[in-house]
Amino acid sequence: YKLNKISDNLMKKGLIIVLVFSILIFHILVLNPASAQVYPGTTWQTKTTSEMGLDVNRLNELRDYIGGNGVVIREGYLVYSWGSQSQRNDIASAVKPFYSHFLFEAVDSGLLTSIDQRINTFETCVSNINANLNYKDRDITFKQLANQISCYGVRENPGTCFDYNDYNMALFFDTLFLRVYGATYSTVDSNVLSQRLGNILQFQDNPTFLGTGQNFQMGRMNISVRDFARFGLLYMRNGNWNNQQLIRQQDAIMAVTSSLPLSIPRTTAVEAQMCPGQRTIGSAVIPDDQTDHRGSYSFAWWVNGIGRDGTRNWPRAPLDTYAALGFGATRSLVVIPSLDIVVAWNNPYRDSNVWTDRAFDYINRSAIIRNINTEQTNTHYLKDRNGNYQFFIGGYPFYPASPFSPDGSTGDINWIENLEYSRLRGYNMVRGLGSGDGWV
């Protein structure tokens, strides 16, 4: 009897604990959601920089450094802009992630069997060139075109080296949009860009793949910064737009996290035969070989990988930063999911490159922590300025004798790697070691 009584009491206490825990979870997740996802409609919703926890002085520095036009989006709100939001300009190589997007969309809609499908199913000319190289181009796949490892126009076999090559991208555009989607240069905007993307994202300024005209470098895009930012927000939300999954979530994630391994070398840039009359979307150099991938190229996005010299692509940016970069980064789309920030800019008048790490540092340092206050009725709880409860979880940076210091207790801690360790585990707080006091 006593054992049964004890068991009943324990069960009752257990049920009470479960009930209390369930109510707590409901309160946190339903009544006080951390951040309901916001999407723009026909126009962007706006909030001030202070409301969204951004330092306007750092953003002013970004504006002054970049020039031209730009917008800053946080948590789906437009919080800062400069120049013209609506002016359409060419974005040069920053258009290339759009090609990758429509590659994934073509697979999802059944137009392609997979991203690894060979392109000679649609573009037969590649089957008949480079007989002296065993017709190597017959093996080119769509995935290789998207990652610029097709080796089109150089002597290496497809998939064996990286060649940042605007003839490769023109072949990608023409094969995908004209053959797979069945569009023409005059209908690609209406039948593909608008119908399958723009109408859903509600582009405001009618972007076009024919910004330079139908007879020159077709496939380059003219787009406003506020529309460009919508594309960045789509990828920060893993391909989802207002509860509509435009491409599979795993594809949207793969697009910005699958940097090429350092084992793939840069091309030796020895010319090989291309299809007769092959056009380019930019560079007219033959053979075209513009840059290395630096361990940071993923389906035409640039990511914050580690290069051949062992250093980060952008040392001062969060590790999850990725970007579409064009014309020396003077036309760019930057996405930082850990900060819930999208930035788009375009300066068509600038004649010098933008140093991306410097620009990204301005963005990173602008993201100040929102004010945290104690709950008035119970000072054991913390609320942010929006009235949402905050729960802090984290730990020490394990310093000295830190695994994040190459020299142990005698070396400086690598804060970038340490913070990434915390971010991947969902921590939102770090307690430091100093003169007896901790900090968060």
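The values are calculated or read from the model by the stated rules, or taken from the named source; none is laboratory data. Not measured: the values here are computed from a predicted model. Cβ: placed from backbone, ideal geometry, glycine included. Neighbour counts: every protein chain shown. Surface accessibility is based on the protein's heavy atoms, side chains included, excluding ligands, DNA and RNA. Shrake-Rupley method; radii C 1.70, N 1.55, O 1.52, S 1.80 Å.
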The helices (runs of 4 or more DSSP H) lying wholly within region 133-242 that contain at least 3 residues that are crowded, with 20+ Cβ neighbours inside 10 Å and under 20 Å from the mean Cα position of the chain (by Cα) are 142-146, 225-236
Filter region 339-369 for residues that are of a type in the set (A, V, I, L, M) and in a strand (DSSP E or B); the one that is surrounded by the most Cβ atoms within 10 Å (Cβ to Cβ) is ALA344
For this session: Test PHE209 against the stated conditions and say whether it is in contact with a helix residue (DSSP H, G or I) (Cβ under 6 Å, 6 or more places away or on another chain), under 29 Å from CYS125 (Cβ atoms) and modelled with pLDDT of 95 or more.
Result: yes
Point to revise | Any chance PRO276 is open to solvent by 50 Å² or more (accessible area, probe 1.4 Å), at pLDDT 95 or above, in contact with a helix residue (DSSP H, G or I) (Cβ under 8 Å, 6 or more places away or on another chain) and assigned to a loop (DSSP other than H, G, I, E, B) | key: yes
Within region 246-273, the residues that are exposed (fewer than 14 other Cβ atoms within 10 Å of the Cβ) and not in a loop (DSSP other than H, G, I, E, B) are GLN249, GLN250, ILE253, GLU271
| Taking the stated definitions as given, is ILE281 assigned to a loop (DSSP other than H, G, I, E, B), hydrophobic (A, V, I, L, M, F, W, C) and crowded, with 18+ Cβ neighbours inside 10 Å? | yes
Of (1) at pLDDT 65 or above; (2) in contact with a Lys or Arg (Cβ under 6 Å, 6 or more places away or on another chain); (3) open to solvent by 20 Å² or more (accessible area, probe 1.4 Å), GLY328 satisfies every one except (2)
